[in-house]
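*Asks:* Supplied in structure tokens, the structure appears directly below.
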Amino acid sequence: MKHFTSVKDVTNISALVEEVLFLKQQPYAFKHLGENKVLGLIFMNPSLRTRLSTQRASMNLGMNVIVMDINKEGWKLESREGAVMDGDAAEHVKDAVAVMGQYCDIIGIRSFPSLENREDDYAENVLNQFIRYAGVPIVSLESTTLHPLQSLADLVTIQEYKKTPKPKVVLTWAPHPKALPQAVPNSFAEWMCNAEVDLVITHPEGYELDEKYTWNATIEYDQKKAFEGAEFIYAKNWSSYKQYGKILSKDRNWTVSADKMKLTNEAYFMHCLPVRRNVVVDDEVIDSPQSIVIKQAANRLWAAQAVLKKILEHT
Ligand SMILES: CCC[C@H](NC(C)=O)C(=O)O
Ligand SMILES: NC(=O)OP(=O)(O)O
């Protein structure tokens, strides 16, 4: 594995899931693999889980790790190719990234979308500039359109908790006061479309995701109907892809409630976190025995460790 930016970078998904589960049992089995290697984690946006889990994952492999909130600690960056830099930006991304590649053996990058221009955001300019200019393997810590470390952890969690060979997994939209990226649902859908699950995506009209991620899913506009017989309920808010970046609804009838969970086959509740309690999901649900959000977050560590191990092994 050279880079880890989407499910497409994984040659054998089942084998990677098994690798994650092995490391969960034997976390220090490869504690010298990363000796004298440095992981650089570059954040353009906030993070708790990704930052802490990926740091610890690298330590479990014997790596050193350096972390930078580039918008607070670095120079203001210009990302437009060919720009005449006579404005606020002190440095071009291509220079900054090439220098980072001199100090780090692997670089992780988090760069959220603008939610203003869909073509620009979906071109993944920042991620692609890191791939083009760093000269070292790049790991997405959530890009403008995908969040592969989250989705690998989500798939491992479903593998651990599923009760049937091909469980019904429901990705449900839920309301949120802010406009959020489509990266987490895009990524969850693309991984589930490549897994042994029956994926149903439910959301209000106008929240359809890019079909290149949802090709193997059933789209259901009636949330209660979608919940019927589900084994997993994965809740997440996202802004509209079609009316790009817009909030079309804040309808609290889409909040995941205990009554709705009763429609399922005793489904487990999942969310990538951070979550707006009693907006996205009622406390009664996320605090119930059916909620596996903390186990899901714990799997972020093992997922990151498996990805870093594959990159260090050049496999
Ligand atoms: C892991 C989720 C990160 C981000 N969440 C927020 C609140 O911005 C999102 O929705 O993509
Ligand atoms: N789920 C997730 O990636 O959380 P953070 O944004 O806190 O890293």
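The values are calculated or read from the model by the stated rules, or taken from the named source; none is laboratory data. The model shown is predicted, which means the values in this text are computed figures rather than measured ones. With ideal geometry, Cβ positions are generated from the backbone for all residues, glycine too; neighbour counts draw on all protein chains shown.
*Asks:* Given the options Glu116, Glu78, Glu91, name the one that is surrounded by fewer than 24 Cβ atoms within 10 Å (Cβ to Cβ), over 15 Å from the mean Cα position of the chain (by Cα) and within 16 Å of ligand 1 (Cβ to nearest atom). Before you say what the answer is, go through the steps one by one.
*Replies:* Values: Glu78 fails: within 16 Å of ligand 1 (Cβ to nearest atom); Glu91 fails: within 16 Å of ligand 1 (Cβ to nearest atom).
The unique qualifying residue is Glu116.
*Asks:* Continuing with the same structure: Six or more apart or on different chains, Cβ atoms under 7 Å: show the pairs whose first residue is in the range 246-268 and under 18 Å from Leu209 (Cβ atoms) and whose second is among the polar types (S, T, N, Q) and surrounded by 12 or more Cβ atoms within 10 Å (Cβ to Cβ).
*Replies:* Listed by first residue and then by second, the contacts come to Lys246/Ser239; Lys246/Ser240; Ile247/Ser239; Leu248/Ser240; Trp254/Gln223.
For every residue, the table says whether it meets (1) buried (at least 19 other Cβ atoms within 10 Å of the Cβ); (2) in contact (Cβ under 8 Å) with a residue 60 or more places away in the chain; (3) among the basic types (Lys, Arg).
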{"site": "Ser187", "(1), (2), (3)": "yes, yes, no"}
{"site": "Val197", "(1), (2), (3)": "yes, no, no"}
{"site": "Gly206", "(1), (2), (3)": "no, no, no"}
{"site": "Thr214", "(1), (2), (3)": "yes, no, no"}
{"site": "Tyr221", "(1), (2), (3)": "no, no, no"}
{"site": "Ala226", "(1), (2), (3)": "yes, no, no"}
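*Asks:* With respect to Glu35, determine if the residue is surrounded by 19 or more Cβ atoms within 10 Å (Cβ to Cβ), over 16 Å from Trp302 (Cα atoms) and not hydrophobic (A, V, I, L, M, F, W, C). Give the steps one after another, and end with the answer.
*Replies:* Details: surrounded by 19 or more Cβ atoms within 10 Å (Cβ to Cβ): no; over 16 Å from Trp302 (Cα atoms): yes; not hydrophobic (A, V, I, L, M, F, W, C): yes.
Taking the combined requirement at face value, the residue does not satisfy it.
*Asks:* Follow-up question, since we're still on this one. Give the residue that is nearest to Ile311 (Cα to Cα), with candidates limited to residues of the range 130-165 that are of a type in the set (Asp, Glu) and not in a loop (DSSP other than H, G, I, E, B). Explain how you work it out, then say what you get.
*Replies:* The first filter runs over the range 130-165 and keeps only residues of a type in the set (Asp, Glu), leaving 142, 154, 160.
This time we only want the ones that are not in a loop (DSSP other than H, G, I, E, B), so: 154, 160.
Values: Asp154: 20, Glu160: 24 Å.
Of everything passing the filter in the range 130-165, Asp154 is nearest to Ile311 (Cα to Cα).
*Asks:* Whether any residue in the range 115-129 is in a strand (DSSP E or B), within 16 Å of ligand 2 (Cβ to nearest atom) and either out of contact with any Phe, Trp or Tyr (no Cβ under 6 Å at 6 or more places or on another chain) or at pLDDT 95 or above (or both) is what I want to check. Don't jump to the end; show me each part of the working.
*Replies:* Kept after step one, since they are in a strand (DSSP E or B), are these residues of the range 115-129: none.
No, the conditions are met nowhere in the range 115-129.
*Asks:* I'd like to check something: does the range 139-147 contain any residue that is more than 11 Å from ligand 1 (Cβ to nearest atom), under 30 Å from Val93 (Cβ atoms), in the same structural domain as Gln102 (by TED's automatic domain parsing) and surrounded by 23 or more Cβ atoms within 10 Å (Cβ to Cβ)?
*Replies:* Taking the range 139-147 and keeping what is more than 11 Å from ligand 1 (Cβ to nearest atom), we get 139-140.
With the extra rule that they be under 30 Å from Val93 (Cβ atoms), the set shrinks to 139-140.
With in the same structural domain as Gln102 (by TED's automatic domain parsing) added as a condition, the list becomes 139-140.
Applying the additional criterion that residues be surrounded by 23 or more Cβ atoms within 10 Å (Cβ to Cβ) yields 139-140.
The answer is yes, given that some residue of the range 139-147 is more than 11 Å from ligand 1 (Cβ to nearest atom), under 30 Å from Val93 (Cβ atoms), in the same structural domain as Gln102 (by TED's automatic domain parsing) and surrounded by 23 or more Cβ atoms within 10 Å (Cβ to Cβ).
*Asks:* Here's something else I'd like to know. Looking at the range 37-56, is at least one residue more than 16 Å from ligand 1 (Cβ to nearest atom) and part of a loop (DSSP other than H, G, I, E, B)?
*Replies:* For the range 37-56, residues more than 16 Å from ligand 1 (Cβ to nearest atom) and part of a loop (DSSP other than H, G, I, E, B): present.
*Asks:* Looking at Pro274, Pro289, which is the one that is closer than 16 Å to Arg49 by Cβ and exposed (fewer than 15 other Cβ atoms within 10 Å of the Cβ)?
*Replies:* Values: Pro289 fails: closer than 16 Å to Arg49 by Cβ.
Only one candidate passes the filter, namely Pro274.
*Asks:* Condition test on Val285, is it away from ligand 2 (no atom under 13 Å from the Cβ) and in contact (Cβ under 8 Å) with a residue 40 or more places away in the chain?
*Replies:* Details: away from ligand 2 (no atom under 13 Å from the Cβ): yes; in contact (Cβ under 8 Å) with a residue 40 or more places away in the chain: no.
No.
*Asks:* Which condition from (1) out of contact with any strand residue (DSSP E or B) (no Cβ under 7 Å at 6 or more places or on another chain); (2) within 23 Å of Ala183 (Cα to Cα); (3) polar (S, T, N, Q) is the one that Thr50 breaks?
*Replies:* The number of the failed condition is (1).
*Asks:* Right, here's the next one. Does Ala83 satisfy the condition of being part of a loop (DSSP other than H, G, I, E, B) and either crowded, with 22+ Cβ neighbours inside 10 Å or assigned by TED's automatic domain parsing to the domain that holds Gln25 (or both)?
*Replies:* Yes: the conditions hold for Ala83.
*Asks:* OK, next. Of the residues that make up the range 151-167, is at least one hydroxyl-bearing (Ser, Thr, Tyr) and under 18 Å from Tyr213 (Cβ atoms)?
*Replies:* Of the residues in the range 151-167, the ones hydroxyl-bearing (Ser, Thr, Tyr) are 151, 157, 161, 164.
Next cut, under 18 Å from Tyr213 (Cβ atoms) only: 151.
Looking through the range 151-167, at least one residue is hydroxyl-bearing (Ser, Thr, Tyr) and under 18 Å from Tyr213 (Cβ atoms).
*Asks:* Run Met68 past the list (1) of a type outside the set (Lys, Arg); (2) in a helix (DSSP H, G or I); (3) within 16 Å of ligand 2 (Cβ to nearest atom) and report the number of the one that doesn't hold.
*Replies:* So the condition that Met68 fails would be (2).
*Asks:* Identify all residues within the range 237-285 that are acidic (Asp, Glu) and either within 13 Å of ligand 1 (Cβ to nearest atom) or more than 20 Å from Lys295 (Cα to Cα) (or both); write none if there are none.
*Replies:* Within the range 237-285, the subset acidic (Asp, Glu) is 251, 259, 266, 282-284.
Passing the criteria: Asp251, Asp259.
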